Amino acid sequence: MRVARFACRLALVVACTTGVAAGGQTTECTLHFSTGQTLSNVPVAASLAEQERGLSKTHDVSRGMLFTWPQAAPRIFWMRDTWKPLQVGFFDGSGRLFQIEDMEPNTDTRHKSAQPAKMALELAQGQYQTLGLVPGKTVLLRGQCN
């Protein structure tokens, strides 16, 4: 019964594929939201270097970027050398979205998760609202997105 309730609360299903980018291997995910929206080919920041770079030094942030870690822990994001306004959503170990932060371009302001996060999703500013994602929604990762 508990599993059935969790499945009913599902906010997002993620299916992942691996492709080859100019710099080598890259992983991308297609995210299916309970709102009926789909984000295709969302890049996954898998390595420490990819996580540190994030969406900096790019004008095209339309696909966003997914960050995943093996363990939930406090997370910090900043916007140095990032040219477009973004939002970061933090998800806990059970897949619950617990915080959304607006982030301004070219700043060193630290955006800290209020609790340990196992996943974060950077999107263009306003996309969380467009997709109807608010704190309390849950996410389920399927496949290998990290």
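Bear in mind these aren't lab numbers, they're just calculated from the coordinates by the rules spelled out. None of the values given here were measured: they were computed from a predicted structure. Counting neighbours? That spans all protein chains shown, and the Cβs are built from the backbone with ideal geometry, glycine included.
Ordering of 115-124, 96-105 by packing is 115-124, 96-105, highest average first (other Cβ atoms within 10 Å, averaged per residue). Protection proxy ranking, highest mean first, for peptides 60-66, 130-136: 60-66, 130-136, where packing is the per-residue count of other beta-carbon atoms within 10 Å, averaged. Near Lys84, which aspartates and glutamates are there with a Cα under 20 Å away, not counting those fewer than 8 places off in the same chain? Within the straight-line limit of under 20 Å, Lys84 reaches these aspartates and glutamates: Glu50, Glu52, Asp60, Glu101, Asp102, Glu104, Asp108, Glu122.
Applying 1/(1 + (r/R0)^6) with R0 = 22 Å to the Cβ-Cβ distance of Gln115 and Trp69, what FRET efficiency is obtained, to the nearest 0.05? Computed FRET efficiency for Gln115 and Trp69: 0.95. Kindly identify segment 22-141 as rounded, prolate or oblate by the Cα gyration tensor criterion: order the square roots of the eigenvalues as a ≥ b ≥ c, call it rounded if a/c is under 1.5, otherwise compare a/b with b/c, prolate if a/b is larger, else oblate. It comes out rounded by the Cα gyration axes. Distance between the pseudo-spin-label points of Asp102 and Gln129 (7 Å out from Cα toward the beta carbon): 0.7 nm.
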